[in-house]
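Some notes on the structure that comes next.
The values are calculated or read from the model by the stated rules, or taken from the named source; none is laboratory data. As the structure is a prediction and not an experimental result, all values here were calculated from the model. Reconstructed Cβ throughout: ideal geometry from the backbone, glycine too, with neighbour counts over all protein chains shown. The area values use the complete protein model at the heavy-atom level, side chains included, leaving out ligands, DNA and RNA. Shrake-Rupley method; radii C 1.70, N 1.55, O 1.52, S 1.80 Å.
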Amino acid sequence: MPPSGPRSHWSDLLHVSLPPDGVGPLFHQIYLRLREAIVANTLAPGSKLPSSRDLATRLKVSRTSVVSAYDQLVAEGYAVGREGSGTYVAEDVPAAIVRPAHGPDALQSPSPPRISQAGGRYAHFGAGIDVTGAVPFAPGCCSVDAKTVEAWRRIGVAQMRQFDPAHLAYADPSGDVGLRQQIAEYLRAARAVRCEADQVIVLSGAQQAIDLSVRTLLNPGDPVWVEDPGYLATRAALSAAGAHLVPVPVDDGGLDVGAGIAAAPEARAVYITPSHQYPTGAVMSMARRLDLLAWAARTGAWIIEDDYDSEFRYAGPPLASLQGLDQAGCVVYVGTLSKVLFPGIRLGFAVVPPALVDAFRGARFLSDRSPPSLPQMMTAQFMRQGLLTSHIRRMRQHYRAARDVLVEAITRHMGDLVEIEVPDCGIQLVLHFRPTVAVSDVVVSEAARGRGLVVKPVSPLYMTAPPRQGLVLGYSGFDPHRLRAAAADLARITRAVMGVAPRKPASRTAPTRHRSAVSR
C-alpha cells in the first residue's frame, strides 16, 4: 500500500530546476537533482514523487527523460515503483547516505549565535516539558460524555455547512464578539466578575493570558509577589520576563498579605490563585482579599487573579472572584475553557480593566494576531444554547465521584503513609507524606513515571518556605476502575522506593477527610 498522509504529496511543491549549462543527458541531470533532494532528506522516505507527466511539464522536457531518471533512481535503490500508484522514495534508503537538511543533526556553525537570557530561561523550562497525555493522575485531563460530544458534533457540522465568511478574513485580536459576550455573561453570573464584552480578551489558554499580562504590565527587575508554594509555569514566565520573584507564604487563609508587604511593600504586581490555591487548595479569606485590594490600590500594583478551575466546586455556595471586589481597576482576571471543556479546544481569556484593553489588544496582535475563528464560533454557540451550563453540572457530579473513589483507594492502599487533603473544589488533590515517612517525593514521582503514572512532586513548588514532601494527583478524566488500579500501583511504587514490603490493603471504608484544604 502506498504511504498515507500529507508527506506523500509534498513533492508536488518541490522546486526542481535544471541548470542552463547542465552537462550530460537530460535524464541524468533530472536524476541528479532528485537524488540530491533524497540524500538531503528534502524528500523524506515514503514521499511520493511527482508524476512523470507533471514533472516533464514543469521542466519542459520529454516525459521519456523523466521516466528514464525515475528508472535510474529505482535501479540504485533510491526509489520504488508501485504499479498503478506511482513512484515513491524508498522507505529503506540507507541512513548513512541521508544528510538532514534541517533539525538538530544538520550541519551547524562551530560557534552558533548566543540566545538572550530570556531564551536561556525558556530553554531550561522547555527541556523539562513532557507531554504525557491521559496518563493516570496527570493534571488537567478532562471528561466529556456522549451528550457533550454529540452537541459539539452537531454545532460543528452546522458551522461548516454555513461557513461564515468571517473565517476567510483576519479577525479581531480581542476575539469573536459573540464569544466575548457569552464569556462576559457567564462570568457575571457564575463568578461575580464585573465586566463587559469589550474587556474580554480571548486567548489560547490561561498560560497565554498570564504571559501576556507579564509582558504588558512588568518591566525587567520589577518585584512580583508569588505564592510559596505555587505554580511553576507562572514562575517560569515571570523569570523569563526578568521579574524579581518575591515568595510569599501561603496558609489555610491563602496568601499572607502581611508577609508580602513586609517582604516587598512596593511590589509591582502579585500573581495569585485565591479561590483554589495551587497546590494547597486553600481559599483566600475575605479579610485578606480586602487587604490585598487595599494594598494594590494604595501602591498602584497589579493583581493577576488566576481562577483556573473554580467551576468545579463540590460543597457550599460558589465563591465570588477577587475581581468582583476590585474598585480601583487593578485586577486582571484569568480563566480558561480548556479545563471546563477539554484541553484540545485551546481557549482561555483575560478580563482586563478598561484602561488596559488597548495594551492587551496590541500585545495579542503582535503575539499571534488573533484566535482561530471556527472554534470560537462553535464555543459561542455551545454557550448560547445553555450547553456549557449543563456540561459543567454533569462534570461536577462526575468529578466529585472520581475524587471520592480516589480518596477511598488511596486511604485503603497507603493511608498509613500519607495525609490526604480532600478538596472541595478543583480537579486534583494533594497527598502529603506523614512526618514519620522518610521518602523523597521527587524520587517517587520519577519511579511512578517509569511505571506509567504521572504524579507531580510537591516539594519543588516551594521557594523559601520549608518544603513538604507530597504528591499532586489529578483525578478528572479517569474512570473509577482506572483510578483504583493506579492508586494500588502508586502504593506499591512508593513502598518499593522506601524499601519496605507491600502491605495488605485496608478494608474498604467511606472516604475520610484527614484535613480539609479549604478554609471555611
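Things to note:
- For ALA233, the shell of other residues with beta-carbons less than 11 Å away shows a net charge of -1, using +1 for Lys and Arg and -1 for Asp and Glu.
- Per-atom-type breakdown for the stretch 407-502 gives carbon and sulfur 56% of the accessible area (1.4 Å probe, protein chains only).
- Protein-only accessible surface order, largest first, of LEU18, LEU217 at 1.4 Å: LEU18, LEU217
- Gyration tensor (alpha-carbon) shape descriptor, the stretch 196-303, a/c threshold 1.5: rounded
- Taken about its Cα centre, the stretch 186-291 carries a charge dipole of about 280 debye when Lys and Arg each add +1 at the Cβ and Asp and Glu each add -1 at the Cβ.
- Three-way shape call for the chain based on the alpha-carbon gyration tensor, with the a/c threshold at 1.5: prolate
- Helices in the chain, meaning DSSP H runs of at least 4 residues, each add -39500 (n - 2.57). Divided by all residues, the mean residue ellipticity at 222 nm is -12000 deg cm²/dmol.
- Among the protein heavy atoms of the stretch 214-292, carbon and sulfur supply 57% of the accessible surface, probe 1.4 Å, non-protein parts ignored.
- Across the stretch 162-280, the relative contact order, built from alpha-carbon pairs under 8 Å that are at least six residues apart, equals 21 percent.
- The listed peptides 365-373, 405-413, ordered by packing as a protection proxy, come out as 405-413, 365-373 (highest mean of other Cβ atoms within 10 Å first).
- Take THR464: with every protein chain present and a 1.4 Å probe, its accessible area is about 110 Å².
- Nearest-10 value in Å² for the accessible area of ASP71, using the 1.4 Å probe: 90
- Where trypsin sites (Lys or Arg not before Pro) fall in DSSP loop in the stretch 147-229, at most 15 other Cβ within 10 Å: none
- The stretch 368-418: C-alpha gyration tensor shape, a/c 1.5 cut-off, then a/b vs b/c: oblate
- By accessible area with a 1.4 Å probe, ligands and nucleic acids excluded, highest first: order of VAL214, VAL144: VAL144, VAL214
- About its Cα centre, the stretch 365-520 has a charge dipole of approximately 380 debye under the convention of +1 per Lys or Arg Cβ and -1 per Asp or Glu Cβ, with nothing else charged.
- Of the residues LEU168, LEU55, ranked by 1.4 Å probe accessible area with the largest first, the sequence reads LEU168, LEU55.
- Rolling a 1.4 Å probe over the protein heavy atoms gives the stretch 152-242 an accessible area of 42 Å² per residue.
- Computed FRET value (nearest 0.05) for THR436 with GLU185, which takes r as the C-beta separation and R₀ as 45 Å: 0.30
- Contact order relative to length of the chain, as percent, for alpha carbon pairs under 8 angstrom and 6 or more apart: 16
- Placing unit charges on the Cβ atoms only, positive for Lys and Arg and negative for Asp and Glu, gives the stretch 228-357 a dipole magnitude near 260 debye about its Cα centre.
- Working note: Karplus 6.51/-1.76/1.60 with θ = phi - 60° gives the stretch 59-69 the couplings 8, 6, 10, 6, 5, 4, 5, 5, 4, 5, 5 Hz, where Gly and Pro are set to x.
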